[in-house]
Amino acid sequence: METIQDFRGLQYPFTTDPILRHAYDANNVEYATSSYQIDHDMFPGLIAFPQNDDDIQKAVKYAKDNGYPISVMSGGHQYSGACSTHGKGIQLNLKLTYKGPQDLVMLPQLPAPNGNKPLVYVSVSQSLGEFNQFLQDRQLFVPHGQCTDVRLGGHAQTGGYGQLGRSFGLLGDHIWGIRMINHDGKIQEVTKASNAELFYAILGGSPGNFGVITHYTIEAHRDADHDFPEIGPRPHGFKGVWLYRDTVLKLLLNEVAAMADDPEFPRNFDLCVSVVSSSFTMLKLIPELKDNMAEILQRIAEAVGVNGDTKFPACIVLYAQWVPMNAEDKYTDKVDEWFQRFRNLDSFFKYWCIHAAEPIEPVSKMTSEWLFAAPREFDHPYEKRCYMTNSTTLVQDKWVDQVADQIHQVLTPSLSHLALWKNCFLSVQIQCFGGKYSQFYANRNNGTSYSWRNSTVCQVLDCFYKDGEEGKALAKGWQAENDKLMCGENSRFSKQDKRVLWASYGDWDMDKSWPFYYECQAKYERIGRQRGLADPRGTFTPNPFSVKAVKD
Ligand SMILES: Cc1cc2nc3c(=O)[nH]c(=O)nc-3n(C[C@H](O)[C@H](O)[C@H](O)COP(=O)(O)OP(=O)(O)OC[C@H]3O[C@@H](n4cnc5c(N)ncnc54)[C@H](O)[C@@H]3O)c2cc1C
């Protein structure tokens with residue numbers, strides 16, 4: 001493909017010339033490259049790094065004139081590779097485009113009724129780590145996901161699911177405005193007031209397929225509204241790490257299940273349990289382990305009988321949090337009992353607990369406790385799964401035993417599953433989102449289209465595998481078993497296979513797989529109509545993972 005004329009940023013056309021190909025390959029890397037580069041044909045005809053609005057406008061005109069589609073990439077974390085395209089498409093890489101001082105600033109407050117919320121103007125190129133730090137420096141916060149390397153560009157469109165999901169909802173619930181460059185190369189400002197349908201479709205509908213978003217305007221929360229050091233309630237966290245043991249895992253997952261089963265569970269609480277295989281980059285998840293390394297290695301050595309000079313063994317990580325919603329909220333004995341159950345695990349399983357901390361600090365600081373500071377969990381290809389459920393009978397149905405047994409197969413060497421243990425690495429995250437006071441649920445009709453808002457639990461089971469056919473077959477087989485157990489009429493977890501756009505997997509032809517991602521056909525077509533208007537020539541349809549455009 002020819003390069004774009006008068007474009008100021010760097011451009012890399014696809015080539016078979018070995019020297020030029022080296023540079024192309026070095027710039028053709030996303031999270032999904034490891035798993036889908038060949039299967040999903042992730043070899044764009046041209047990779048272009050725009051420097052500014054003008055470059056993007058030139059690229060859109062060039063694509064329109066030549067009938068090429070554009071895929072937009074901000075951080076490159078899309079699990080199916082949807083930020084990429086094929087040989088007749090252009091990838092616009094915005095990782096470094098909007099990184100000036102004007103691309104992350106506070107704005108004057110809006111007039112009422114939104115007037116009481118601080119407003120942040122942030123570009124798509126900012127990472128969650130940078131955004132979190134900016135807010136923390138100003139004693140502000142918003143809910144968002146865990147990985148510091150993820151960019152706002154895709155994250156806002158796919159939701160931004162994170163530790164504050166029950167207490168404050170999704171990042172996407174906090175978006176007030178979207179600035180983008182549309183199919184005509186024009187700058188368009190989209191708010192709920194200016195274009196409610198397009199706003200709805202962009203926030204949760206079909207990431208990357210409406211235009212090139214450059215910035216978001218986001219409403220933030222103030223620490224001062226949720227932390228009252230002088231008069232009483234303060235945000236309270238619990239962060240624990242146990243060496244993997246199925247008994248500990250079952251106890252913790254039963255806490256998640258019990259919370260999800262109780263529709264009255266107050267809004268203040270959030271709970272997430274993670275499990276990671278050995279050789280996980282644990283210090284990127286719990287950096288404070290470094291402060292006490294000698295003792296921790298000693299504990300590991302005593303508990304699992306290995307020389308502490310090895311990589312981290314498999315671990316369970318618990319994030320628990322209680323946040324006051326106003327000055328009248330009380331940190332009661334009942335709240336403390338909830339945390340006490342996790343403290344008890346520390347003493348009861350003392351050989352297995354390698355870290356337990358209870359931060360009491362402003363929410364903006366607390367949010368940084370829940371970050372993961374590496375771009376990926378394991379340097380291997382993966383077979384991903386993410387299951388949502390609206391069940392409120394998880395304890396009674398004994399779902400925990402099933403999922404814990406599945407995890408155990410991979411994490412513990414046994415005669416029956418030795419190959420699985422040798423070849424596969426897990427990164428599991430199971431979080432409660434349910435209850436009628438949960439803001440994930442309460443925000444369901446706020447003008448965004450994120451699906452499955454009545455979910456009570458989100459269960460992420462990612463299986464990485466040693467490159468090669470054996471590892472791939474083992475990971476696929478393990479996930480096929482999970483599919484049988486976790487979705488379907490007889491499942492203890494969910495009667496329906498419900499997926500979310502942030503954690504996609506499986507068939508990426510959206511026109512076939514949409515029933516997994518959207519509640520009903522009417523919703524799929526409602527988003528499709530906005531696709532038809534926003535993308536009349538298919539400029540923003542770079543791959544099959546796009547809602548089908550409906551043209552009336
Ligand atoms: C290690 C890891 C951890 C994660 N943890 C979480 C988590 O805790 N919570 C959570 O909710 N999600 C999480 N995710 C998923 C992540 O939030 C989504 O994949 C998100 O969409 C990534 O955005 P991105 O810009 O970094 O990636 P990209 O791959 O660049 O973009 C994702 C999608 O958005 C589109 N897009 C990106 N930028 C633009 C733009 N400027 N204009 C128009 N369209 C654009 C792309 O075309 C693509 O379809 C995680 C992903 C990874 C890999």
Worksheet item: Quick one: Cα centre-to-centre distance for the stretch 22-47 and the stretch 410-479, in angstrom?
Response: 25
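What is the antiparallel percent of DSSP beta bridges lying wholly in the chain, to the nearest 5?
Numbers: 67 of 76 bridges.
Roughly 90 percent of the DSSP beta bridges within the chain come out antiparallel.
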Item to complete: Can you tell me which of 232-244, 394-406 comes out highest on packing, and rank the rest after it, using the mean Cβ neighbours within 10 Å?
Response: 232-244, 394-406
Worksheet item: Quick one: if you stick a label point 7 Å off each Cα along the C-beta vector at residue 246 and residue 327, how many nm between them?
Response: 5.2
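Could you give the length gained on full extension between residue 53 and residue 519, defined as 0.36 nm per residue of separation minus the Cα-Cα distance, in nm?
Working: separation 466, 0.36 × 466 = 167.76 nm, distance 3.57 nm.
Net length gain for the segment: 164.2 nm.
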Item to complete: With a point put 7 Å past each Cα toward its Cβ, work out how far residue 186 is from residue 105 in nm, to one decimal.
Response: 2.5
Worksheet item: Roughly what would the spin-label model give for residue 17 and residue 29, points 7 Å off Cα along C-beta, in nm?
Response: 2.3
Item to complete: Mind scanning 523/548; 495/548; 422/472; 117/334 and naming the pairs with a C-alpha gap bigger than 21 Å?
Response: 495/548; 117/334
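Order the peptides 245-253, 70-78, 323-331 from the highest to the lowest mean number of other Cβ atoms within 10 Å of their residues. Can you show the working numbers first?
Details: 245-253: 20.2, 70-78: 25.9, 323-331: 15.7.
Descending packing order for the listed peptides: 70-78, 245-253, 323-331.
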Practice prompt. Could you tell me the largest-minus-smallest coordinate of the C-alpha atoms of the stretch 460-517 on each of the three principal axes, in descending order and whole angstroms?
Written response: 32, 27, 17
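When you count, for each residue, the other Cβ atoms within 10 Å and take the mean per peptide, how do 491-499, 81-89 rank with the highest first?
Working: 491-499: 18.8, 81-89: 22.8.
The most tightly packed comes first, giving 81-89, 491-499.
Would you list 408, 215 from fewest to most Cβ contacts within 10 Å? Present the calculation step by step, with values, prior to reporting the outcome.
On the way: 408 18, 215 23.
In order of increasing Cβ crowding within 10 Å: 408, 215.
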Discussion item. As a test of the formula, what do you get for the chain when each DSSP H run with n ≥ 4 contributes -39,500 (n - 2.57) and the sum is divided by the residue count, at 222 nm and rounded to the nearest 500 deg cm²/dmol?
Written reply: -9000 deg cm²/dmol
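Rounded, prolate or oblate: which one fits the stretch 367-459, using the alpha carbon gyration tensor with axes a ≥ b ≥ c (rounded when a/c is under 1.5, else prolate when a/b beats b/c, else oblate)? The partial results should precede the final answer.
Details: a/c = 2.70, a/b = 1.57, b/c = 1.72.
Oblate.
What GluC sites (Glu not before Pro) does the stretch 153-230 have in DSSP loop regions with at most 14 other beta carbons within 10 Å? If you can, show how the numbers build up before the last one.
Working: sites: 189, 197, 219, 230; in loops: 230.
Counting only loop positions with at most 14 other Cβ atoms within 10 Å, the GluC sites (Glu not before Pro) in the stretch 153-230 are 230.
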Worksheet entry | Net charge dipole size for the stretch 236-503 [Lys, Arg +1 and Asp, Glu -1 on Cβ; Debye, nearest 20] | 500
Worksheet item: Over the C-alpha atoms of the chain, what are the Rg and the largest Cα-to-Cα span, Dmax, in Å?
Response: 23.2, 69
Worksheet item: Taking a temperature of 25 °C and a viscosity of 0.890 mPa s, what whole-number D in µm²/s does Stokes-Einstein yield for the stretch 236-503 with Rh from Kirkwood over alpha carbon pairs?
Response: 126
Worksheet item: Along the charge dipole of the stretch 236-503, Cβ charges K/R +1 and D/E -1, which of 320, 279, 351 sits furthest on the positive end?
Response: 279
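What fraction of the DSSP beta bridges in the stretch 11-133 is antiparallel, stated in percent and rounded to the nearest 5? Write out the running numbers ahead of the final one.
Values: 7 of 14 bridges.
Just about 50 percent of them are antiparallel.
Readers should treat all values here as calculations from the given coordinates under stated rules, not as data from a laboratory. The structure presented is a predicted model; accordingly, all values stated were derived computationally and were not measured. Methodologically, a virtual Cβ is constructed for each residue, glycine included, from the backbone with ideal geometry; neighbour enumeration extends over all protein chains shown.
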